[in-house]
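All remarks here apply to the structure that follows.
The values are calculated or read from the model by the stated rules, or taken from the named source; none is laboratory data. On a predicted model such as this, the values are computed, not experimentally measured, just so you know. Cβ placement follows ideal geometry from the backbone for every residue including glycine, while neighbour counts extend to all protein chains displayed.
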Amino acid sequence: MSTENQDEGTGKIHQLTDAEKIRCLIVGSGPAGYTAAVYAARANLKPVLYQGLQPGGQLTTTTDVENFPGYPKGVTGPQMMEDLQKQAERFGTDVRYGMVTDVDLSGTIHKVLVDDEKLIEAETVIISTGATAKYLGLESEERFKAGGVSACATCDGFFYKGLDVAVVGGGDTATEEALYLSSFCRKVYLIVRKDQLRASPVMQERVMKAPNIEILYKRNTKELLGDTVLKEAVLIKNLGEDDEEEEVISIDGFFLGIGHTPNSHPFSKYVETNTGGYIITLGKTSKTNIPGVFACGDVQDFTYRQAVTAAGSGCMAAMDAERYLGEKG
């Protein structure tokens, strides 16, 4: 566990005196934030929700969502986020554009600075800022995000049934993704930068026993090719002593398994996080180490990272906030 120094905050947050006072502030949209907003609004907490840097969260970059309950024919990620936002607004949630840039959580009333200019004083804060998937930084990754590139095999793997795919990474995340995909994909390439896997021994053993997983060691991805959809990956194979060769593999899907970065800044100055930066919640609750501050969704979940689990934790956060305010009187 780790926390950053709990100082008194910096910049404008202690210069501004004119603050908007609210009962429940929700930071971040997506399934967790919007579900928290629905429950908080129905509990008459009059929540204010700031959407953050990416309104709607990671699902806005997903084309088809088929594993969220209530959509028998599936739904696009952006459409589902629009539906959740409308539902939250229907019950009175004040949804706003804006990004939290500083906080002071040292007192019983939590001070939050939005866009370096607006000061909010909230009795409760629900953090639902999510996590950002790590990408390689290739321009072609962006181009094929809706046509072959994904950072979630559980979310998008089904669409590649019977096809050839690749997974990048050598740790537990990558090997888990590769094993999951191998159950219905024809061929799975596991692209590993080094000459060995970093995954746990049991995961390494499972991957090596899978008949349709081929591990490509000492490879870096140079480029992804295709027209409107992904068709090939250009790899650079390290032969040692500055000797390299280029090779091309034919694939229909390219999955990133190199981890996520939780969007816990600037709250990590006060709330406890683990070594990976994920906010630590107490037991089976959404409570953080700061009374009146709660966390839900991918910013505290490094295990499941699914829309439905994020929504469930958003419900928990709103109910925990309601109970906190009730006990506070």
| task | State the number of residues belonging to segment 8-50 that are outside any loop (DSSP other than H, G, I, E, B) and of a type in the set (G, A, S). | result | 9
| message | Going residue by residue through segment 124-138, is there one that turns out to be touching a His at 6+ places or on another chain (Cβ under 7 Å) and under 16 Å from E20 (Cα atoms)? | response | yes
| query | Where residues in segment 242-295 are of a type in the set (A, V, I, L, M) and part of a loop (DSSP other than H, G, I, E, B), which of them is modelled with the lowest pLDDT? | reply | I258
| Which numbered condition R186 misses (of (1) out of contact with any Gly (no Cβ under 7 Å at 6 or more places or on another chain); (2) modelled with pLDDT of 95 or more) | (1)
| request: Say whether the condition of being modelled with pLDDT of 90 or more and outside any helix (DSSP H, G or I) is met by at least one residue in segment 55-66. | output: no
| field | Subset tally (residues that are surrounded by fewer than 16 Cβ atoms within 10 Å (Cβ to Cβ) and over 28 Å from K269 (Cα atoms)) for segment 83-111 | value | 6
| Failed condition for V103, given (1) part of a loop (DSSP other than H, G, I, E, B); (2) farther than 28 Å from N67 by Cα, with all others met? | (1)
| note | Considering segment 259-285, residues that are hydrophobic (A, V, I, L, M, F, W, C) and surrounded by fewer than 19 Cβ atoms within 10 Å (Cβ to Cβ), and then whichever is nearest to I191 (Cα to Cα), we arrive at I280
| request: Determine the pairs where a residue that is in the same structural domain as L45 (by TED's automatic domain parsing), located within segment 302-320, has a partner that is outside any helix (DSSP H, G or I) and among the aromatic types (F, W, Y) with Cβ atoms under 6 Å apart, the partner being 6 or more residues away or on another chain. | output: F302/Y278; A307/F68; V308/F68; A317/F294; D320/F294
| field | Residue count for segment 296-329, restricted to those that are among the aromatic types (F, W, Y) and either at pLDDT 95 or above or closer than 23 Å to E123 by Cα (or both) | value | 1
| Pair list, Cβ under 6 Å, 6 or more apart: segment 195-206 residue in contact (Cβ under 8 Å) with a residue 24 or more places away in the chain, other residue surrounded by 11 or more Cβ atoms within 10 Å (Cβ to Cβ) and assigned to a loop (DSSP other than H, G, I, E, B) | L197/G170; R198/G170; R198/G171; A199/G171; Q204/L197
| request: Output the number of residues of segment 85-120 satisfying the condition of being within 24 Å of the chain's Cα centre (by Cα) and of a type in the set (F, W, Y). | output: 1
| said: If I filter segment 193-204 for residues that are surrounded by 15 or more Cβ atoms within 10 Å (Cβ to Cβ) and β-branched (V, I, T), do I get at least one hit? | reply: no
| Boolean, V293 is β-branched (V, I, T) and either buried (at least 21 other Cβ atoms within 10 Å of the Cβ) or not assigned by TED's automatic domain parsing to the domain that holds G57 (or both) | yes
| Where a residue in segment 138-162 is on the phi > 0 side of the Ramachandran plot and its partner, wherever it lies, is part of a strand (DSSP E or B) and aliphatic (A, V, I, L, M), with Cβ under 6 Å and at least six apart | G148/L230
| message | Among the residues in segment 212-233, are any over 25 Å from C155 (Cβ atoms), touching a strand residue (DSSP E or B) at 6+ places or on another chain (Cβ under 9 Å) and free of Cβ contacts under 8 Å to residues at least 12 places away in the same chain? | response | no
| If you check A37, A41, which single one turns out to be at pLDDT 95 or above and in contact with a Leu (Cβ under 9 Å, 6 or more places away or on another chain)? | A37
